[in-house]
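The next block holds one structure in the form of structure tokens; read it before the comments.
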Amino acid sequence: QDEEKWDFVLVSDIHEVGSEKEIKRKKFLDELSKKGFTIKKIEDEKLFYGVHAPKHIFRKYQWLLRNPDSRLRDPSAHHDIPVTTRIRIVNFILKNTVTPDLEKLRDLMKKKVFETMFPLHEKEEVREFLEEKWARWRDIFCQQPIEKIRCYFGEKVALYFAWLGWYTYLLGFAAVVGLVVFVAGITVFNSSQVSKEICEANNTIMCPLCDQKCPFWLLSDTCTYSRVTHMIDNEGTVLFAMFMAIWATVFLELWKRQRATVVTNWDLYGWDEDEEELAMELINNLQHEPRRYQHSYLRSTIVLLLVLVMIAVLIGITHALVIYRVIATAIFTQSDFEFLREQANTVAVMTGAVLHYLTIVIMTKINRRVALFLCDLEKPRTFSQRENNFTIKIFIFQFFTNFSSLIYIAFFLGRINGHPGNYVRIAGKWRLEECHPSGCITDLFIQMAIIMMLKQTISNLMEYLVPWIAHRIRNRQKCPKKRHVVLGEEEEAEDPCKKQWLNNYQLNEVNIFSLFDEFLEMVIQYSFTTIFVAAFPLAPLLAFCNNLFEIRLDAIKMMQLHRRMVPRKANDIGIWLQVLEAIGILAVIGNGLVIAITSNFIPVQVYKYTYSPCMTENSTAVDCLTGYINHSLSVFHVQDFEPYMKLAEKLPDFVKDEIREYRDYRNADDYSYTVQFWHVFAARLAFLILFEHVALCIKLIAAWYVPDVPQSVKNHLLDGKHSNLWKEL
């Protein structure tokens, strides 16, 4: 019965007898036979070779990596080796078996000698349990059976799901707080003095928003938008940004504790990856020499320069998107459609965001190629080192791909475009875009909402539908034709393995990056949830809902649509932890900058405590923000417009006097900055420094307050060491 358990299946096309491919295939299979492997051949439209490893390989493995205490009791006892370990060892040996022509399996696959290799989804109790209790939509709120996932997919996958579950669980708290802040904003925003003043400004005439025939407009036109802006841009958001900075730290600290507990239960707390790899190398080939550690400064410098070039390219793409928006706005304002003319700016921002999403999709593929190329340049020593190098590079590239456009909107938009009569222009022709009339934070809110919605809906649909449809199509093609049995002929018995192997072969292929992609997607989502959360308090809620589906979606994909993953041993989530910690620090900086620079929080506070009627006239009867809007506008003389500023032919009736207004702190005579501008500027800097230092201090205190490893785990390890030494004595 044990012989019928096939560890791996190799698939190959049917080659002509005596052809080069057939000879290479035979040489490889002979090498496996020499190592004691049992090989079974089944012929269909392709050739399938089932591979079963001999017992002695696993005994060597157990002996080399035995626990020091187990050999004291009974050196000859052989415990059954878990299936996941079997598959892992066989996979390693298959990949590192060298033919007499010095070719490995990878080279043979490149030359199309073999098509693919995969471990089988077995009919085990564990699998049935997982399909019943885990890979079902109806279990969406249930806890995941991490122990069982480990028994079927190995530690690395189990740790991914443990991390994802923990992240989602804690996101629930952040989502509730975000929702409360948002609802508070909605209830408060009607009563805000600033919105009231904007809505009543029927005679405040503003400068045109573009060069070509744009009308002058009344400040009161932006009444609704200013209310929406105040919904996001209020005191509650500042506290929420603080809260999210602390949340990010607490989440990571609690995850470290969770991970320590889980890994201790698996007896992997002190597991050493190098030792594991050396043991496998020696089992495969006794003459193996370990690869030495090496470091070349020249190589590191080249890689660093290439990474910087790539980042410059990604920033260049953002510039292209900016130029697109500028030119699109100019074209839309001259359009024949009235709707496009009036909403030119919003349409440009919306189409810009969709374009940005498309660049994210395309650049993700290019980034991966570049990161792989850079990894090959570095010549990493082991697979895990290669994976770490790759992770850091692709994360940096993806970060710039996803966020450079948001960074521009948050911190540069509307700050570098000059003032009426002296606008900054692209190629001396197109005027740089301005913020939305109601403030820059609205633009950031729109962009965040569109990208998060698109990423979470389209990307998830694609992630599930593509494998599902591919699987369906393959199954259609393979419907077995019923054989007509001629009377008197014995029908040959169908091999029980054949059906199982074919079913596994028809599933979607998995590669080394299958799990990596899931992690990357979640870490980018984590960045969206923390870095610009001050502009989009609903981000945690969207992420929370998405993750509830993501867990089950990944589960169904792994169990039903994909071939079985090769299990990998691990005792933590690897370099991703450092990446998450870096995002936590970026989140503090990002939110500090959004509140200090993008939002109107600081100018409002400066006015309230310096220039408001409460301060100057000591009158407490009026709202302290009365007069803020007039204070934040500057005066402009229409005759000072640049010569190629085409004003609308029919000027409205209210253009009698020659004075218009725009948002900035400038003098009326020579348009230089006023004292108030520098006052607000100093307050912004002071707030930024204060916010970041306070938030980072709180993060450090939280990290110190919550120990990484629970006491129970430490005591468990202590007892283990004590009992081992006691036995030795």
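Structure values in brief
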{"quantity": "Qualifying residue in the stretch 432-449 (condition: closer than 30 Å to GLU289 by Cα and surrounded by fewer than 20 Cβ atoms within 10 Å (Cβ to Cβ))", "calculated": "no"}
{"quantity": "Residue that is least open to solvent (accessible area, probe 1.4 Å), among those in the stretch 274-289 that are touching a residue at least 12 places away in the same chain (Cβ under 8 Å) and out of contact with any helix residue (DSSP H, G or I) (no Cβ under 6 Å at 6 or more places or on another chain)", "calculated": "GLU276"}
{"quantity": "Among the candidates ARG127, ARG106, ARG138, residue that is open to solvent by less than 80 Å² (accessible area, probe 1.4 Å), on the phi < 0 side of the Ramachandran plot and assigned to a helix (DSSP H, G or I)", "calculated": "ARG127"}
{"quantity": "Test result for THR187, free of Cβ contacts under 8 Å to residues at least 60 places away in the same chain, surrounded by fewer than 19 Cβ atoms within 10 Å (Cβ to Cβ), of a type in the set (Ser, Thr, Tyr) and not in a loop (DSSP other than H, G, I, E, B)", "calculated": "yes"}
{"quantity": "Inter-residue pairs, beta-carbon under 6 Å, first in contact (Cβ under 8 Å) with a residue 24 or more places away in the chain and part of a helix (DSSP H, G or I) and in the stretch 589-613, second surrounded by fewer than 21 Cβ atoms within 10 Å (Cβ to Cβ) and among the small types (Gly, Ala, Ser), 6+ apart", "calculated": "ILE602/ALA683; VAL606/ALA683"}
{"quantity": "Leading residue by the ranking (most open to solvent (accessible area, probe 1.4 Å)) among those in the stretch 509-531 that are among the β-branched types (Val, Ile, Thr) and closer than 22 Å to LYS557 by Cβ", "calculated": "ILE512"}
{"quantity": "Single condition PRO208 does not satisfy, out of (1) in contact with a helix residue (DSSP H, G or I) (Cβ under 8 Å, 6 or more places away or on another chain); (2) buried (at least 18 other Cβ atoms within 10 Å of the Cβ)", "calculated": "(1)"}
{"quantity": "Breaking point among (1) modelled with pLDDT of 80 or more; (2) farther than 30 Å from SER195 by Cβ; (3) of a type in the set (Gly, Ala, Ser); (4) over 17 Å from the mean Cα position of the chain (by Cα), for SER404", "calculated": "(4)"}
{"quantity": "VAL466 being more than 17 Å from LEU120 (Cβ to Cβ), modelled with pLDDT under 85 and of a type in the set (Val, Ile, Thr)", "calculated": "no"}
{"quantity": "Candidate set: the stretch 537-569, residues that are open to solvent by 10 Å² or more (accessible area, probe 1.4 Å) and assigned to a loop (DSSP other than H, G, I, E, B); chosen: the one nearest to ALA260 (Cα to Cα)", "calculated": "LYS569"}
{"quantity": "Within the stretch 1-58, tally of residues that are part of a helix (DSSP H, G or I), of a type in the set (Val, Ile, Thr) and within 24 Å of LYS110 (Cα to Cα)", "calculated": "1"}
{"quantity": "Residue in the stretch 247-268 that is in a helix (DSSP H, G or I), open to solvent by 20 Å² or more (accessible area, probe 1.4 Å) and within 30 Å of GLN193 (Cα to Cα) present", "calculated": "no"}
{"quantity": "Residue within the stretch 151-170 that is assigned to a loop (DSSP other than H, G, I, E, B) and surrounded by 19 or more Cβ atoms within 10 Å (Cβ to Cβ) present", "calculated": "yes"}
{"quantity": "Only listed residue being under 29 Å from the mean Cα position of the chain (by Cα), in a helix (DSSP H, G or I) and either without any contact (Cβ under 8 Å) to a residue 40 or more places away in the chain or at negative phi (or both), chosen from ARG341, ARG325", "calculated": "ARG325"}
{"quantity": "Conditions (1) open to solvent by 10 Å² or more (accessible area, probe 1.4 Å); (2) in a loop (DSSP other than H, G, I, E, B); (3) hydrophobic (A, V, I, L, M, F, W, C): number failed by ALA534", "calculated": "(1)"}
{"quantity": "Residue ID - modelled with the highest pLDDT, chosen from residues in the stretch 345-362 that are open to solvent by 60 Å² or more (accessible area, probe 1.4 Å) and under 18 Å from ALA330 (Cβ atoms)", "calculated": "LEU355"}
{"quantity": "Of all residues in the stretch 375-402 being among the charged types (D, E, K, R) and part of a helix (DSSP H, G or I), the one that is farthest from ILE451 (Cα to Cα)", "calculated": "GLU378"}
{"quantity": "Test result for ILE409, without any contact (Cβ under 8 Å) to a residue 40 or more places away in the chain and open to solvent by less than 20 Å² (accessible area, probe 1.4 Å)", "calculated": "yes"}
{"quantity": "Residue list for the stretch 269-303, filter: among the basic types (Lys, Arg) and either within 28 Å of PRO82 (Cα to Cα) or assigned to a helix (DSSP H, G or I) (or both)", "calculated": "ARG299"}
{"quantity": "Count of residues meeting criterion [open to solvent by less than 40 Å² (accessible area, probe 1.4 Å), touching a strand residue (DSSP E or B) at 6+ places or on another chain (Cβ under 7 Å), part of a loop (DSSP other than H, G, I, E, B) and not aliphatic (A, V, I, L, M)] in the stretch 109-124", "calculated": "2"}
{"quantity": "Hits in the stretch 16-49 (condition: under 43 Å from the mean Cα position of the chain (by Cα), farther than 18 Å from ARG88 by Cβ and either in contact (Cβ under 8 Å) with a residue 60 or more places away in the chain or not assigned by the TED database to the domain that holds LYS95 (or both))", "calculated": "LYS21, LYS24, ARG25, PHE28, GLU31, LYS40, ILE42, ASP44, LYS46, PHE48"}
{"quantity": "Residues of the stretch 233-266 classified as modelled with pLDDT of 85 or more and charged (D, E, K, R), total", "calculated": "4"}
{"quantity": "Test: residue in the stretch 411-429 that is in a helix (DSSP H, G or I), within 30 Å of SER195 (Cβ to Cβ) and at pLDDT 85 or above", "calculated": "yes"}
{"quantity": "Meets criteria (part of a strand (DSSP E or B), on the phi < 0 side of the Ramachandran plot and at pLDDT below 80) for GLU661", "calculated": "yes"}
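The values are calculated or read from the model by the stated rules, or taken from the named source; none is laboratory data. Computed from a predicted structure; not experimentally measured. As a convention, Cβ positions derive from the backbone with ideal geometry for all residues, glycine included, and neighbour counts pool all protein chains shown. Side chains included, ligands, DNA and RNA excluded: accessible areas come from the protein's heavy atoms. Shrake-Rupley method; radii C 1.70, N 1.55, O 1.52, S 1.80 Å.
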